[in-house]
Each structure stands twice: as structure tokens, then as C-alpha cells.
1. Could you run through the range 57-79 and say how many residues are within 18 Å of residue 243 (Cβ to Cβ) and of a type outside the set (S, T, N, Q)?
2. Collect the residues in the range 355-378 that are crowded, with 23+ Cβ neighbours inside 10 Å and more than 25 Å from residue 142 (Cα to Cα), keeping them in residue-number order.
3. Would you confirm whether any residue within the range 245-258 is of a type outside the set (Gly, Ala, Ser), surrounded by 16 or more Cβ atoms within 10 Å (Cβ to Cβ) and farther than 21 Å from residue 362 by Cβ?
4. Report every pair of residues separated by at least 6 positions or lying on different chains whose Cβ atoms are under 6 Å apart, first residue within the range 176-194 and closer than 30 Å to residue 19 by Cβ and touching a residue at least 12 places away in the same chain (Cβ under 8 Å), second in a loop (DSSP other than H, G, I, E, B) and β-branched (Val, Ile, Thr).
5. Pick from the range 274-303 the residues that are in a loop (DSSP other than H, G, I, E, B) and under 18 Å from the mean Cα position of the chain (by Cα): which of them is nearest to residue 364 (Cα to Cα)?
6. Any residue at all in the range 308-323 that's buried (at least 24 other Cβ atoms within 10 Å of the Cβ), at negative phi and touching a Leu at 6+ places or on another chain (Cβ under 8 Å)?
7. Looking for something at pLDDT 95 or above and in contact with a strand residue (DSSP E or B) (Cβ under 7 Å, 6 or more places away or on another chain) - is there at least one such residue anywhere in the range 307-319?
8. Of a type in the set (D, E, K, R), free of Cβ contacts under 8 Å to residues at least 60 places away in the same chain and in contact with a strand residue (DSSP E or B) (Cβ under 7 Å, 6 or more places away or on another chain) - does that describe any residue in the range 279-288?
Amino acid sequence: MAMARTPFGKFRGALAELDSIDLGHRLIDAVAARDPDGGILPEIVYGGAGLLGGSHLTALRQSLIKSALPDTTPSQGVDRACCSGMTAIASAAAHLRAGQGDKALAIGVESLSNTPVLLHRGSERKINSLELIDPLLLSGSVSEKTIAQYTSEEALKCGVGRAEQDQWALESHEKYFAAKRRGAFDGQIVPLRIGDTVVTDDEGPRETSSLARLAALPTVNGAATITAGNAPGLSDGAAGLVLVGGEDAAPKGALAEIVDWVQLAGDLQSGTSIPAACIARLLERNRLALHDIDVIEINEAFAATPLVSATVMANRLGADPSRLRDRINAWGGSVAIGHPLGASGIRIVMQAIDRLRERGGGIAVCAICGGFGQGEAVLLRL
């Protein structure tokens, strides 16, 4: 029924003064203000944060209390890494389909600028042996490798090298600015006042990027192909959607219908290709072919992600990989816009809806990967 997102800010950039609670409550109020049926408030709020809201206890609940919604509104946070925002949408849709209510709000929030460095407590540890842990390195106790290393390895196995990843990254920025010039994002972004400054635009996109500059960048995190140029920067931001249930939803002006969704998981090496598996599962379950899909959004956790997923889908579903790639992320993606972990799953759904609206309707699929082999996808119809 309504959707909105904040501008996405760079790490320690324009939004750094706002922690996850501040971003969350501002987003809740902004989405609620856009609801054409604002007299009926959401019965529940589902929210996702990739790193559990930074240093805050139950950040979603605190955001809700600071918002204009009644304190009696329940909330539920979800923890599926980068999938969290899309999981919030699926949770809200499931809530409505189960007849538990008529309206729900799904939000995703991330303030990576305010993510703390961790120091584990332990009675056996001596002060001089304590080790600081930075969650932003995106590694975990289940593996010694970083997510960037897994991504690079899977990409190379699929024949997707550094040059292709740099090319995709460049095109992500170019597509973003082409869409921005025609006002494609004007209806999505709500300006944020921070002190005396009003932030209206995404900070990450670079209009001056070039293949030569991208090729000159060193690789990072021990990965053979991943650089600061073909991966999204660390970002801050929030996004949200109002969902309604019941047979009378469409006549009230719904922006799109959530037809179906799927959540999958695989081994640690599967993160770059699991969006393809999620899309294939949705198509099979809904008896659709790839040519039935008008809009495809795959989150650019890395430039490698849509490239590998397109290759896997083409091989599995019988499509031309280059033509399939041309249909993905036509307005740019997270490499350009930024990737606030908990918010990106909602942003790509918003973008798919706007792309459907621009073309006058159709079917869209949105897919996202999450840390340590998680994946999710949503099927939309307008």
C-alpha cells in the first residue's frame, strides 16, 4: 500500500549521526505517513537488521516506541543477515495470510557506521590476551574464510572473472544515474533532516567511475577478484513497506501483489548462486517460465552475485546468459546505491515494484543472498 526508504549513506557519512533506532523510527513514521488508508494502523511491525541493530537491545522495539505508532503495537525482529529485510516482508505477508490481521509493516534498518567492535567477556581471559572482533569483516566462527573469499571462489568456478565483475560494477553506477536523471527514485526516497542538513540523495553512486579506475584497485579480504570497487561500500539506511491482507486490498490502491516467497539455505560456498536457486524454486512452484518474468532484481552483495546467479539460471532454465543479465537490475544495484544489510531486501522489492509500474504491470522476481549460504526470493505481480 505504501513504501519508502531513506537515502543510503556511506560508512561514517551523512547518516552516521543516526543509529539504528533513529533510522528505524524515522522510517516507520515516513512509511505510515504515505499510507493512503492511514486511519487504520498496522497491527504489527516486522523488522530486519543484518547485525542485530548494532549495539542496541531490541532496536526494533525501541524504534517503534520512538515512532508515532502506539506503544501497544507489537514488533518482531528477524536475523537472516542480508536476507533480513526480505524476511520481514515474508513474515508480514504470512501474518496477513494466516488471518492474524489486516495490515502489517515490514522494515529493514542498518547503521553500519554505529556497529560496535566486540570484546568477549571470559573469566579465563587475561587483560593482555583479549582480542577485539570487528563484525564488519563479515566472517564467522563456522569458517576461517570471509564471505568475500567464498564469493570469489564460486565466481571463478562459474567462469566469472575479475574483468566481468568490474564491468558489472561500472554498469551498476551508469544504470543508477540513467534512472535517477529521469526521476525513477524520486518516489522512493524520503529526505532526512540531520541537524541543519537535509539529506536527499544516495551517497554511494559515483558518476566518474571508469573501468581503468576499477581495474587499478587491489583485491580485499583475501579474495582473488573482490575489490572495493566491485563490492558495495559499507552503508547506512532504512526501507519499509505497508502490507495489507484480504480480498479488498487491490481496489484500495495496492502497489503490487506479493504472490509467493521462498527461503532456502545451502553450504558456505553457495551464497553467490543461491539467488538463482530461490528464483528457480519460485518459478517451478508457480508454474512459470523465465520468459514469463518481466522484471528481475538480484541484490548486488558483490558484482559477482547477479553474474553468477544469471549464469546458473541460464544453465538450469535454458536461457541465454547475456540476454538474461541485461534484464537484471536495470536501474542499478547495491554496488552503486549501497548495501545497508537489513534494508537491501526491501529496497530491491521497492525497485521491482517501481519498474513494474513504469512498464504498466507484469511479473517481477526479487532475490537476495545472506551470509553463510542463505537465500530468499519474492514473486510480485502488478
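1. Total satisfying the criteria: 6.
2. Those that are crowded, with 23+ Cβ neighbours inside 10 Å and more than 25 Å from residue 142 (Cα to Cα): 364, 365, 366, 378.
3. No, every residue in the range 245-258 fails to be of a type outside the set (Gly, Ala, Ser), surrounded by 16 or more Cβ atoms within 10 Å (Cβ to Cβ) and farther than 21 Å from residue 362 by Cβ.
4. Correct list of pairs: 191/200; 192/6.
5. Applying the filter and picking the extreme gives 299.
6. There is at least one residue in the range 308-323 that is buried (at least 24 other Cβ atoms within 10 Å of the Cβ), at negative phi and touching a Leu at 6+ places or on another chain (Cβ under 8 Å).
7. Taking every residue of the range 307-319 in turn, at least one turns out to be at pLDDT 95 or above and in contact with a strand residue (DSSP E or B) (Cβ under 7 Å, 6 or more places away or on another chain).
8. For the range 279-288, residues of a type in the set (D, E, K, R), free of Cβ contacts under 8 Å to residues at least 60 places away in the same chain and in contact with a strand residue (DSSP E or B) (Cβ under 7 Å, 6 or more places away or on another chain): present.
The values are calculated or read from the model by the stated rules, or taken from the named source; none is laboratory data. Computed from a predicted model, the values in this text were never measured in an experiment. Because the Cβ atoms are built from the backbone with ideal geometry, glycine has one as well, and the counts that use them run over all protein chains shown.
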